């Protein structure tokens, strides 16, 4: 990514691709709320899991949901 605008455009395109425009907008509105901190939520969620469990779940998700979008898989 070269700049913040490209990152925002790409990120929102991914959300729309997976959620549809309405749910993508709802998701953005939810994380923009003052009472929700995505970073804290993510840390609390993943801190309860060991690395092997995260790896197993990520691999299972990747098998069930192969990348088919226009974005570059990293």
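Neighbouring Cβ atoms within 10 Å as the yardstick, rank 39, 56 fewest first.
Sorted ascending by nearby Cβ count, the order is 39, 56.
Over every pair of different alpha-carbon atoms in the chain, take the mean of 1/r and invert it; report that Kirkwood radius in Å.
Details: mean 1/r = 0.0685 Å⁻¹.
With all distinct Cα pairs of the chain included, I get 14.6 Å.
Bear in mind that the values in this text are calculations on the coordinates, not laboratory data. Bear in mind the structure is a predicted one, so any value in this text is a computation, not a measurement. Quick reminder, even Gly has a Cβ in these numbers, built from the backbone with ideal geometry, and neighbours come from all protein chains shown.
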